[in-house]
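A.B. asks: So that we are looking at the same thing, I have put the structure below in structure tokens.
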Amino acid sequence: MLEILTAITGLLGGLIIGAAAVYFYLNKSNDHALARKQAENMERCNTLLANAETRAKEIEVLARKDAIDLREEVDVEVEQERKKLDEIEARLAKREDTLDLKLETLSVKERKLDNKEHKLEARLQEVHALEIELGQRNKKLTQVEEQQHSELMRISGLNEEHAKQVLFERLEKQYAAEAGDLVRKAVEKAEDEAKSRSRDILLNAIQRYASAQTAEHTVSTVEITDDAMKGRVIGKEGRNIRTFEKRTGVDVIIDDTPGIVVVSCFDPVRREVARESMQRLVSDGRIQPGRIEEVVDEVEKEMEENLVEMGSKAAAEAHVPNLPRVVLPMLGRLHYRTSYGQNVLKHSIEVAYISQMMADQLGLDGTVARRAGLLHDLGKALDHEIEGGHPQIGHDVLKRHGEAEEVLNAALGHHGDVPATTPYTPLIMAADAVSASRPGARRESLDRYIARLTELEDVCMKFDGVRQAYAIHAGREVRVIVDARKVDDRTMAKLARDMAKSVEEELRYPGEVKLTVLREVRTTEYAR
């Protein structure tokens, strides 16, 4: 602050001295000629001096303000430091109190330990005395047993070995029946535990793999813009339709149905090629033998690429690497194959996942189970071209490409046609049955599922006083609503038990069914 005031004073002095010097210089150089200008210069000097004084005052005010702000900042910092010091002092005081409390607690524990140590020493002395006394008693008992043994041998006239034999024969006859009961109970318990364990494994696998299963069907109809296109499809004297059927191996049906041309063939891939080729020909409008050959060749080439791509995607989805190149299009062909409305490729992927989950829980190799599950229905891709059942066809194809024995036996024996030689074949059989029989996977399974729910509701509705019955949780629970005027609180338990017995006697179902009886009384009034 002092330096700033000194600078301001120096500046003002310099300005005054400069102004005086200018004034005296002008007077000496030309007193008469510049008399008038001197007054102007004096006025300017006065103005400069006034401005300088004003500026100095402003600088002084700013300097004072800066000094005040600086003092306030210093005060704030000092206050903050003081608070920190107070906090540190408080924490130290708290720690000191805590340490004092811990020291007091340790002193109390130390005294307790000393007391316990004294008591323990006393108990050890007592135990030592008891051991000595027990040793003496054991010696006496041994002597008594030896005397009794000798006396028994003398009275019975039997030696030791003969006596043991007689005793064992008697015990064997006495407990033979009990041993048989124990063995039977152990076997039954093991069977029940095995069933329960297998049920848990299957349920766990199903819950962990929840796949949306849709019933996909190969489209065998082609839409046309107008019926005039049917004549162009047939061609002059039927040459177009004959060329198309010969080239694709399908039957083309053109009837009075408006707006469609039907393509029929047992081979789903060939039917898909014919459908796509017909769709392109109808869209292009140029239908002639040469164009038909060109379009069918193009579609067949694209179909081969699509089959490889679909097979690769299926293998990647099922986490089955290193499949032979020729197997990939076979997997892709399963996409166009359905079994009772269930897509075979989706079914194979699902079997792979379920098999792997069950194998992991049983301590088997999940990778082998997943591979066997994905390839178990591979023969269905070729059963339109090769004679025989699909298990044998799949087994032969996989064997030619060097698959392991576990995969070969699973493909050949997953329908129980041949004995299982590896533990993975029963796993694939179980996973195949689970995938095919779960609700929604196949049309006929869905019908049976709905029928079972209806039967559950019908059995409960037969009882007197029941108003409504709803099967929920996939048939694992039935909610029964009864008439409160006919069924009271005391008879609800008996009614629920009678319903449970009827369900057990009349229906067959997996697991257990929970029956919940609800009774409600409502009273309604209107305020007008």
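A.B. asks: Near the amide H of GLN468, under 5 Å away, which other amide H atoms are found, from residues 5 or more places off or on another chain, if H is placed in the peptide plane?
C.D. replies: Sorted by chain and number, the residues that satisfy this are ILE481.
A.B. asks: Additional query: Placing +1 at every Lys and Arg Cβ and -1 at every Asp and Glu Cβ, with all other atoms neutral, what dipole size does segment 331-437 have around its Cα centre, in debye to the nearest 20?
C.D. replies: So the magnitude is around 280 debye.
A.B. asks: Using bins 5 angstrom wide from zero, how does P(r) for segment 331-382 break down, in % of all Cα pairs?
C.D. replies: 5, 25, 27, 19, 13, 8, 3, 0
A.B. asks: Also, I was wondering about something else. For segment 470-487 and segment 272-340, what is the separation of their C-alpha centers, rounded to whole Å?
C.D. replies: Using only Cα atoms, the two centres lie 51 Å from each other.
A.B. asks: Suppose the Debye formula is applied to equal point scatterers at every Cα of segment 248-340; what is log10 I(q)/I(0) at q = 0.14, 0.19 Å⁻¹?
C.D. replies: -0.61, -0.93
A.B. asks: Could you rank the peptides 232-242, 48-58 by their average count of other C-beta atoms within 10 Å per residue, with the highest value first?
C.D. replies: Listed from highest to lowest mean packing, they are 232-242, 48-58.
A.B. asks: Would you work out what percent of the accessible area of segment 339-429, with all protein chains in place, is carbon or sulfur (probe 1.4 Å)?
C.D. replies: C and S fraction of accessible area: 52 percent.
A.B. asks: Accessible area per residue of segment 210-320 at 1.4 Å probe, in Å²?
C.D. replies: 55
A.B. asks: How large is log10 I(q)/I(0) at q = 0.12, 0.13 Å⁻¹ when the Debye formula is applied to the Cα atoms of segment 233-392, each weighted equally and without solvent?
C.D. replies: -0.62, -0.70
A.B. asks: Once fully extended, how much extra length lies between GLU385 and LEU120, figured as 0.36 nm per residue of separation less the alpha-carbon to alpha-carbon distance?
C.D. replies: Taking 0.36 nm per residue and subtracting the Cα distance, the gain is 86.5 nm.
A.B. asks: Count neighbours as other Cβ atoms within 10 Å of each site's Cβ, and list the chymotrypsin sites (Phe, Trp or Tyr not before Pro) in segment 260-365 that are DSSP loop with at most 16 such neighbours.
C.D. replies: PHE266, TYR340
A.B. asks: While we're here: Please go through segment 477-507 and write out the trypsin sites (Lys or Arg not before Pro) that DSSP classes as loop and that have at most 10 other C-beta atoms within 10 Å.
C.D. replies: ARG485
A.B. asks: Still on this structure, I have one more. Amide H to amide H under 5 Å from ILE260: which residues, 5+ apart in sequence or cross-chain, H placed 1.01 Å off N in plane?
C.D. replies: Sorted by chain and number, the residues that satisfy this are ILE224.
A.B. asks: Let me ask something else. Sort out for me the Cα centre separation of segment 222-267 from segment 68-100, rounded to whole Å.
C.D. replies: Distance between centres, Cα-based: 97 Å.
The values are calculated or read from the model by the stated rules, or taken from the named source; none is laboratory data. From a predicted model like this one, the values you see are computed outputs, not experimental measurements. Every residue, glycine among them, receives a Cβ derived from its backbone with ideal geometry; neighbour counts consider all protein chains shown. The protein model used for the area step is the full one, side chains on, heavy atoms only, and it has no ligands, DNA or RNA in it. Shrake-Rupley method; radii C 1.70, N 1.55, O 1.52, S 1.80 Å.
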